[in-house]
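Novice: Quick one: structure below, then a few questions.
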Amino acid sequence: MTPITLEDRAVLSVAGADASSFLQGMLTHDVGLLAPGRALFAGLLSPQGKALFDFHLHDGGDGSILIDVAAAKADPLLKRLGMYKLRKAVTLARRDDLAVLASWPGGEAVDARTPALGARWIAPAGSAPDGAALYDAHRHAVGVPDSADIGQDELLWLETGADLLNGVSFTKGCYVGQENTARMHHRDKVRRRLVPVTITGDAGEAVEVKDDQGRVCGKLRSRNGDAVIVHLRLEAATGPLFLGEASVTVRRPAWLDNAW
């Protein structure tokens, strides 16, 4: 596919001698693994382990680290990073001259979450036509959650599927929210997750997923046609489940295999 611009994303730059160590102490992934052609998916969490910001890290090629983040969260993230800057040799900036591009299937700059999403990289703004709507349909078809599903300070990081989508290192050491995240992982306490489902029938304006006894066991997070991402209690995944009058079938793409 011809590359498209994800116009609903923005690019931030973290530059300076302390750029890598500055991010290493805050983010869920091991920034030391970042390299040309190898992006990382990571999050900045609350002390309780809830996702405040999710984003992709790219090697800037000049010693800087580029952050690919939802456009609506770009300025709040820039402000939050500034709060942690203190006296570190770091320069933070929004890079409106750059844009996030994607293409599928395949491609060399593989999406850090799963190759099923295709390629994702940073390029000069204006180098490809806008295509965020196309990408939204694609990622719903593949069944991968994104920033719209994760929200802000709502879900625990592992509930977003980050551990299954290469968004966390369990060996890197301390970061904000690490204690609760590690505890959930080692004690196998992830009871709810963002999962893709297919709906059949009329869901209307319903947002709550219910079982056949009318008990709420999940909530809609985003939808593209009959492909939906829900925050679901995993023990209810075998159904039957309903969203309004529509029946709900839980999908189990390869990336989600280890959730059960």
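The values are calculated or read from the model by the stated rules, or taken from the named source; none is laboratory data. Here the structure is a predicted model, which means the values were calculated and not measured. Heads up, the Cβs are rebuilt from the backbone with ideal geometry, glycines too, and the neighbour counts pull from every protein chain shown.
Novice: Quick one: in the stretch 191-201, of everything that is surrounded by 14 or more Cβ atoms within 10 Å (Cβ to Cβ) and of a type in the set (Lys, Arg), which residue is nearest to Ile150 (Cα to Cα)?
Specialist: Arg193
Novice: Which of the residues that make up the stretch 66-91 are among the charged types (D, E, K, R) and within 23 Å of the chain's Cα centre (by Cα)?
Specialist: Within the stretch 66-91, Asp68, Lys73, Asp75, Lys79, Arg80 qualify.
Novice: Ok, one more. Determine whether Asp18 is surrounded by 21 or more Cβ atoms within 10 Å (Cβ to Cβ) and among the acidic types (Asp, Glu).
Specialist: no
Novice: Could you check the stretch 40-91 and list, in sequence order, the residues that are charged (D, E, K, R), in contact with a strand residue (DSSP E or B) (Cβ under 8 Å, 6 or more places away or on another chain) and in contact (Cβ under 8 Å) with a residue 40 or more places away in the chain?
Specialist: Matches in the stretch 40-91: Lys50, Asp54, Asp62, Asp68, Lys73, Lys85.
Novice: Here is a further query. Taking the condition of being out of contact with any helix residue (DSSP H, G or I) (no Cβ under 8 Å at 6 or more places or on another chain) and aliphatic (A, V, I, L, M), how many residues in the stretch 224-238 meet it?
Specialist: Here the count works out to 4.
Novice: Still on this structure, please answer the following. State which residue is surrounded by the fewest Cβ atoms within 10 Å (Cβ to Cβ) when the search covers only the stretch 202-211 and only residues that are acidic (Asp, Glu) and more than 21 Å from Trp260 (Cβ to Cβ).
Specialist: Here the answer is Glu205.
Novice: Would the stretch 204-222 turn up any residue that is within 20 Å of Ala137 (Cα to Cα), outside the structural domain of Glu154 (by TED's automatic domain parsing) and in contact with a helix residue (DSSP H, G or I) (Cβ under 7 Å, 6 or more places away or on another chain)?
Specialist: For the stretch 204-222, residues within 20 Å of Ala137 (Cα to Cα), outside the structural domain of Glu154 (by TED's automatic domain parsing) and in contact with a helix residue (DSSP H, G or I) (Cβ under 7 Å, 6 or more places away or on another chain): present.
Novice: Regarding the stretch 95-108, can at least one residue be identified that is among the β-branched types (Val, Ile, Thr), surrounded by 12 or more Cβ atoms within 10 Å (Cβ to Cβ) and closer than 15 Å to Ala125 by Cα?
Specialist: Checked the stretch 95-108: at least one residue is among the β-branched types (Val, Ile, Thr), surrounded by 12 or more Cβ atoms within 10 Å (Cβ to Cβ) and closer than 15 Å to Ala125 by Cα.
Novice: Which residues, counting only those in the stretch 79-110, are modelled with pLDDT of 95 or more and among the acidic types (Asp, Glu)?
Specialist: Asp96, Asp97
Novice: Okay, moving on. Inside the stretch 117-139, can you point out the residues that are in contact with a Pro (Cβ under 7 Å, 6 or more places away or on another chain) and within 27 Å of Asp257 (Cα to Cα)?
Specialist: Hit for the stretch 117-139 is Gly118, nothing else.
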